[in-house]
Structure formats: C-alpha cells, structure tokens
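This report concerns only the one structure given below.
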Amino acid sequence: MATVKIKFRPSSVAGREGALYYQIIHNRVVRCISTGYRLYPCEWNKCGAEIELRTDDDDRNGYLGELGVRIKNDLERLRLLILRLERLGEYTSEQVVAAYLASDCDMGFFAYARKVISLTRCIGKERTAETYSSSLNSFIRFRGNRGDVAFEEMDSEMMKEYETFLRQDGKCPNTISFYMRNLRTLYNRAAEDGTVENRSPFRHVNTRVEKTVKRAVSAEVVGRIKSLDLGQQPSLELARDLFMLCFYLRGMSFVDLAFLRKKDLQNGVLVYRRHKTGQQLCIKWEEAMQEIVGKYSDPGLPYLLPIIKEPGQGERRQYLNASHLMNRKLKEIGRIVRCPIKLTFYVARHGWASIARSQNVPLPVISEALGHDSEETTRIYLALLDTSAVDRANDKVIKAVCS
C-alpha cells in the first residue's frame, strides 16, 4: 500500500515561511503534492512530523490550529483514495496524486476562494482577506443564479463578460482592475497548488492601475473647516475634529489615528508605525493636537481616541464602521464650507502636503513627514496633487490663439 508523509521545505530566503507538502511513496516511486500551507521553521517538528504551537502569539496559534485541522482532513482524504485504488488492483503513486488533485478540483472557484480567505484571515492578514472577499462577492453577483463556477469553465471569454458586467454597472477602470487582480491572485494560487491547470483566463481583461488625479484643499478651506461652529451637531463636530487632528499630524491616515495608543505618546512625542508600510514615524506633540485629544479621550480605553470602543472585540470592524460614518459626516461638512472636492480623511493628507509645498517646505522634509520611502515618490505624489502649472500653461496657449 502507498504511504504518505508530511514534509516541510524551508524557504531559501531567511526569515520567510517555508512550505508543507505531502510525499506519496508506492513501489519505491516518490511523488509530491503541494498543499499551499506555509510555516516558519520554528513551527514545524521534524521528528514528530507535526505542527508546533507557539507560546508567544495567540493569533498565530489560531492559524496553526486551523492548518492542523486541514492537514488531518487532507490525510484522511488521501487514506480513503488509496484504499479505493487498492480495491481496484494495481496502481501507481502518480495515480494517487492525480486522484487527490481531481477530488480537489471538484471544488468550485467560490468554495476554493472562501477557503483561501479563511486561511488568510487566520494568519492575521485581515485587510488582504477583505479585498479578496469584496472581489469574490462582486464575481458572485455576476454569476447570479448560475452559482459556483468550475475552474475549467473559467476562461478569457467569461472574464471579458464579467468585465462588461462591471462596466455596465458603472464601475470605474481602477475598480474593475482591482477586482480582476484579486480574482487572478486566487486563481493563480489554485494553479500553483495543482488544483487547476493555469489557462490564463485574465489575459484579455484590464488589470492595469491608472493614475488618478488627487486634489488638495487650500489653507483657506482648511481654515473654514476649523472655524465651523458645530456645537449643536456633535457627530459633525467629532468628524471635523478628527479631520483636523489628521491634518495636524502631518496628514495621518484614519486607520493609524484609530489605532493610536496612549502609550505611543510620551515626553511630548508621538511615536507610531504606519499600518500601510510599517514605517515608524515620530511627531512632536502640539497644543492644537492636545486640545482635540483632551476633548474626547476616554480614561477607560488604551487608545488615544474612542474610535475603537471595545478593545479586543472585532477592532478592525469597529474601525471600518467609524471610517464609513465619519467620511459621510465629512461629506456634509464639505457641502457646508463649499469645499470644491469631496471631503474625506485622505484630503487631510493631500492638503497637508500641498500647503507644505506652497509654504516652500523643502521636498526632503515633506517626504519624511509623509513617511514616503523616497523623494521620487513625494515628487510624483505632489505632481498628482497640483496641476496648476499645467493649467496655467494651457491658459497661455488658449490666450495665444484667441487674442
């Protein structure tokens, strides 16, 4: 009878996760099955051929526990397949692998994607899981009552139909590209672990990212926002104050603001890491910042602001709910002050950068303040914010013709 062993292949890059795979041996012929499961070397017990839980990370242990259950189910499936082949007579290790992969191919794309999303969430990559989920939900809406789709059915014609569906639904090119790129990632993952032969179904659809022109508000508009009397409208006042705090904190993103902890502020300096890049930034604490924090600070919370009000209980969901609500309130404030663009928390960042440039703040200083990894990134960022030079040039050209 064929035997099955679990093997761990460390990554060739130090500090990266390695891969688990199943080794099928029959009549001295060895074949392997990729699992797509990834571990760090310290999480694998080579002697016992089993996963070892960590003592310092409960979230990671949740992922490892999930992997343990999946491996147990995989091994049981292999055992049953081998018994079935034994009853049929002679067979090879290649046939064991083929039967296993064929049984996995019975899983449709929706089911496979949900499995990947579950694993992604288990390892703490909540944001990635959310992007996969939103893209999958869009594809599910496209399929309608046709339900799940077999991998073999996914071809370039279907993806072009899906692209047309998104266009007719009013989705912009970058949104279409976002959905396509995420679905392509899920499909390619299935191809990598042997679930499907890669037929490149996304080769004829839009997966490019187009640059979008960002618009910044002037110092005058920010001043009008700051001066609004919103004492009778506490929800609008909170949104305005959080917007101003993001602006004072050099255009800090709302997710970073939401997760600021009281311990991050010590000796008049705020030290935090950007969620997007992990880069550490230090900001001198100013009186204008303290006025806002002092106004809303809750002594019973570990966070600097009461955006996340129930620590340890779906914190990302609390942040997302607050972000959606506050951005709706900012939209109302934008109408009140006659803001020329839609007011969001991103505008605080764009506005800070644009105003700093208008005040002749050196480019390297703006780059460091924004947490960019290079001055070239800042140049591109500022160029997208300000098209006034091009507008002035166009005005001159028009006047030359019309005069």
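The values are calculated or read from the model by the stated rules, or taken from the named source; none is laboratory data. This is a predicted model, so every value here is computed, not measured. Don't worry about glycine lacking a Cβ; one is built from the backbone with ideal geometry, like all the others, and counts go over all protein chains shown. The accessibility values were calculated without ligands, DNA or RNA, using every heavy atom of the protein model including side chains. Shrake-Rupley method; radii C 1.70, N 1.55, O 1.52, S 1.80 Å.
I'm checking my understanding of the structure. Among residues of the range 324-373 that are closer than 24 Å to LEU238 by Cβ and of a type in the set (Gly, Ala, Ser), which one is modelled with the highest pLDDT?
The selected residue is GLY334.
Across the range 283-295, what is the total count of residues that are part of a strand (DSSP E or B) and open to solvent by 70 Å² or more (accessible area, probe 1.4 Å)?
The total comes to 1.
Which residues, counting only those in the range 251-282, are on the phi > 0 side of the Ramachandran plot, surrounded by fewer than 20 Cβ atoms within 10 Å (Cβ to Cβ) and under 25 Å from the mean Cα position of the chain (by Cα)?
Hit for the range 251-282 is GLY278, nothing else.
Could you please find all residues in the range 256-278 being among the hydroxyl-bearing types (Ser, Thr, Tyr) and part of a loop (DSSP other than H, G, I, E, B)?
The one that is among the hydroxyl-bearing types (Ser, Thr, Tyr) and part of a loop (DSSP other than H, G, I, E, B): THR277.
Which one of the conditions (1) open to solvent by 10 Å² or more (accessible area, probe 1.4 Å); (2) in contact with an Asp or Glu (Cβ under 9 Å, 6 or more places away or on another chain) does LEU236 fail to meet, given that it meets all the rest?
It fails just one condition, (1).
Among the residues in the range 42-59, are any under 17 Å from LEU119 (Cβ atoms), touching a helix residue (DSSP H, G or I) at 6+ places or on another chain (Cβ under 9 Å), surrounded by 14 or more Cβ atoms within 10 Å (Cβ to Cβ) and modelled with pLDDT of 85 or more?
The answer is yes; a qualifying residue exists.
Looking only at residues in the range 105-121 that are assigned to a helix (DSSP H, G or I), of a type outside the set (A, V, I, L, M) and open to solvent by 20 Å² or more (accessible area, probe 1.4 Å), which one is modelled with the highest pLDDT?
ARG114
Yes or no: LYS214 assigned to a loop (DSSP other than H, G, I, E, B), under 30 Å from ILE292 (Cα atoms) and either among the basic types (Lys, Arg) or at pLDDT below 90 (or both)?
yes
Among the residues of the range 2-9, is there at least one that is in contact (Cβ under 8 Å) with a residue 60 or more places away in the chain and assigned to a loop (DSSP other than H, G, I, E, B)?
yes
Can you tell me which residue in the range 265-292 is farthest from ARG240 (Cα to Cα), limited to those that are out of contact with any strand residue (DSSP E or B) (no Cβ under 8 Å at 6 or more places or on another chain) and of a type in the set (Val, Ile, Thr)?
Once the filter is applied, the top-ranked residue is THR277.
Inside the range 128-163, can you point out the residues that are exposed (fewer than 14 other Cβ atoms within 10 Å of the Cβ) and more than 17 Å from THR207 (Cα to Cα)?
ASN137, ARG141, GLY144, ASN145, ARG146, GLY147, ALA150, GLU152, GLU153
How do the helices (runs of 4 or more DSSP H) wholly within the range 296-384 filter down when requiring 1 or more residues that are over 23 Å from the mean Cα position of the chain (by Cα), among the hydroxyl-bearing types (Ser, Thr, Tyr) and surrounded by fewer than 20 Cβ atoms within 10 Å (Cβ to Cβ): which remain?
Fully inside the range 296-384 and qualifying: 345-358.
Mind checking whether some residue in the range 201-224 is more than 24 Å from the chain's Cα centre (by Cα) and farther than 30 Å from SER297 by Cα?
So far as the range 201-224 goes, yes, one or more of its residues are more than 24 Å from the chain's Cα centre (by Cα) and farther than 30 Å from SER297 by Cα.
For the range 117-147, name all the residues that are within 13 Å of ARG184 (Cα to Cα) and β-branched (Val, Ile, Thr).
THR131
Since GLY231 meets every condition but one in (1) free of Cβ contacts under 8 Å to residues at least 12 places away in the same chain; (2) open to solvent by less than 70 Å² (accessible area, probe 1.4 Å); (3) outside any loop (DSSP other than H, G, I, E, B), which condition does it not meet?
Exception for GLY231: condition (3).
Would the range 186-200 turn up any residue that is charged (D, E, K, R), over 24 Å from the mean Cα position of the chain (by Cα) and surrounded by 13 or more Cβ atoms within 10 Å (Cβ to Cβ)?
Looking for residues that are charged (D, E, K, R), over 24 Å from the mean Cα position of the chain (by Cα) and surrounded by 13 or more Cβ atoms within 10 Å (Cβ to Cβ), one finds at least one in the range 186-200, hence yes.
Since ARG79 meets every condition but one in (1) open to solvent by 90 Å² or more (accessible area, probe 1.4 Å); (2) more than 18 Å from ALA102 (Cα to Cα), which condition does it not meet?
Going through the list (1) open to solvent by 90 Å² or more (accessible area, probe 1.4 Å); (2) more than 18 Å from ALA102 (Cα to Cα), ARG79 breaks only (2).
Give me the pairs: first residue in the range 146-165 and modelled with pLDDT of 85 or more, second residue polar (S, T, N, Q) and open to solvent by 10 Å² or more (accessible area, probe 1.4 Å), beta-carbon distance under 7 Å, and six or more apart or on different chains, which are they?
GLU163/ASN206
It is to be established whether one or more residues within the range 107-129 are free of Cβ contacts under 8 Å to residues at least 60 places away in the same chain and of a type in the set (Asp, Glu).
Checking the range 107-129: not a single residue is free of Cβ contacts under 8 Å to residues at least 60 places away in the same chain and of a type in the set (Asp, Glu).
Run TYR248 past the list (1) open to solvent by less than 20 Å² (accessible area, probe 1.4 Å); (2) at pLDDT 90 or above; (3) touching a helix residue (DSSP H, G or I) at 6+ places or on another chain (Cβ under 7 Å) and report the number of the one that doesn't hold.
Tallying (1) open to solvent by less than 20 Å² (accessible area, probe 1.4 Å); (2) at pLDDT 90 or above; (3) touching a helix residue (DSSP H, G or I) at 6+ places or on another chain (Cβ under 7 Å), TYR248 fails exactly one: (1).
Among the residues of the range 17-31, is any assigned to a strand (DSSP E or B), out of contact with any helix residue (DSSP H, G or I) (no Cβ under 9 Å at 6 or more places or on another chain) and either open to solvent by 70 Å² or more (accessible area, probe 1.4 Å) or modelled with pLDDT of 90 or more (or both)?
yes
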